[in-house]
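Working notes for the structure below.
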2 protein chains.
Amino acid sequence: MRGRFITMEGGEGAGKSTMMERVADWLGQSGYRVVQTREPGGTVLAEKLRDILLDRNNLSISGKAELLLMFAARAQHLDEVIRPALERGDWVLCDRFTDATWAYQGGGRGLPGEDIAVLETLVHGDLQPDLTLLLDLPVEQGLKRASRRSAADRFEMEPHGFFEQVRQAYLDRAAAAPERFVVIDAAPAVEEVWSRIRSALQERLGA
Amino acid sequence: MRGRFITMEGGEGAGKSTMMERVADWLGQSGYRVVQTREPGGTVLAEKLRDILLDRNNLSISGKAELLLMFAARAQHLDEVIRPALERGDWVLCDRFTDATWAYQGGGRGLPGEDIAVLETLVHGDLQPDLTLLLDLPVEQGLKRASRRSAADRFEMEPHGFFEQVRQAYLDRAAAAPERFVVIDAAPAVEEVWSRIRSALQERLGA
């Protein structure tokens, strides 16, 4: 039986990494084989592209080139990791996927939705996540958390307004596809957030 | 006045580099400001992508990822180099452009033409070369010349049949757009090939 495809989305400092681990552990304990991966990245090629995309010294990347690089990394990730895993019955848990492109390149950078839609169709028109967990947090709070963690990458150097647009685009995506999305308030303590995510896994996927 | 956009195409060992220099010198002597560039490449980002695409150790690049990387590099090249140059009136002389994608990824790899067309429209639907010089040579002869020059890159490691498909796709492109293409037989001696290219520049662009 084909595995399930779960994506975790959210802005800076929303706690995705912590919750990724919890979800992977939970699914593993429930007897599912889990492939935990991330975007951009997840393959040798795509991690090279991630380095280029996040390197704050690479300031000369046009919006359209960035968009195409994201989908190039995604195409490789799908071919090499995601599709084979789902086909052999593993569950795939991915830190960011195409909703992040809608949020960052669409919302944040203001690139036309029709360009993103064309590339989404080209690269994975036939495959969408079964469940997308969106960790939502006010921008101010997320950036404060993120800044305590590490130096800013090329995206984290953007001004405040960029992240407001990212957050809004994420919420718009969720509202447009409620059957796929669960929006989780990421402000409460870790155990509370995790309890809500666990409920979502049970209700949506029976996991 | 907007400058002219000239592309040079052809398979391995067809003599593009030599002819690029001749064309650039000729146009310069005729008083045009010439920007000489290449694809994939021509900008810091795109040269990084070129390194990835040509590195023979990167065998794990899917056809679709390769296609998207080519257009990512091209988007940056257009934004950063080609469009600004043409707008300030310079002539742009580019070693390979989208016809090479049709030849290598379309003909050679067999990727669907509709995918290439979608990306071409997305990245430069409004801009096409004014003149494309296609240096045509039997595959056997080209590969022999190329192998004397340097170690094989990721493309040059492909089997003979790949290059036959590349050549045929180039010739098909030329036949479909005779108003833009001039096919030059690259088998004769350098001076003879150059004389034909010079004639094409004069007849097609008055240069």
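Of note:
- Filter pass, B:L45 being in contact with a Leu (Cβ under 7 Å, 6 or more places away or on another chain), within 12 Å of another protein chain (Cβ to nearest Cβ), surrounded by 20 or more Cβ atoms within 10 Å (Cβ to Cβ) and assigned to a helix (DSSP H, G or I): no
- Within the range B:148-207, the only residue that satisfies the criterion of being among the acidic types (D, E), closer than 19 Å to B:Q29 by Cβ and touching a strand residue (DSSP E or B) at 6+ places or on another chain (Cβ under 9 Å) is B:E203.
- B:T7 passes every criterion in (1) under 25 Å from B:R204 (Cα atoms); (2) out of contact with any Cys (no Cβ under 8 Å at 6 or more places or on another chain); (3) outside any helix (DSSP H, G or I); (4) not basic (K, R) apart from (2).
- Within the range A:104-140, being within 12 Å of chain B (Cβ to nearest Cβ), under 17 Å from the mean Cα position of the chain (by Cα) and β-branched (V, I, T) holds for A:I116, A:V123.
- Looking across A:G107, A:G142, one residue alone is of a type outside the set (D, E), at pLDDT below 95 and buried (at least 18 other Cβ atoms within 10 Å of the Cβ). It is A:G142.
- If only residues of the range B:60-84 that are more than 10 Å from chain A (Cβ to nearest Cβ) and surrounded by fewer than 23 Cβ atoms within 10 Å (Cβ to Cβ) are counted, the one that is farthest from B:Q105 (Cα to Cα) is B:P84.
- Residues that are touching a residue at least 40 places away in the same chain (Cβ under 8 Å), surrounded by fewer than 18 Cβ atoms within 10 Å (Cβ to Cβ) and of a type in the set (G, A, S) within the range B:152-176 comprise just one, B:A152.
- Looking only at the range B:81-116, residues that are in a helix (DSSP H, G or I) and touching a residue at least 60 places away in the same chain (Cβ under 8 Å) come to 12 in all.
- Any hit, the range A:9-17, residues being modelled with pLDDT under 95, charged (D, E, K, R) and in contact with a helix residue (DSSP H, G or I) (Cβ under 8 Å, 6 or more places away or on another chain): yes
- Only one entry in A:M8, A:M1 is in contact (Cβ under 8 Å) with a residue 12 or more places away in the chain and surrounded by 21 or more Cβ atoms within 10 Å (Cβ to Cβ), namely A:M8.
- Selected residue (only one of A:G206, A:G113, A:G142 is small (G, A, S) and under 24 Å from A:S17 (Cβ atoms)): A:G142
The values are calculated or read from the model by the stated rules, or taken from the named source; none is laboratory data. Quantities reported herein were computed from a predicted structural model and do not represent experimental measurements. Here the Cβ is made from the backbone with ideal geometry for all residues, glycine too, and neighbour counts use every protein chain on show.
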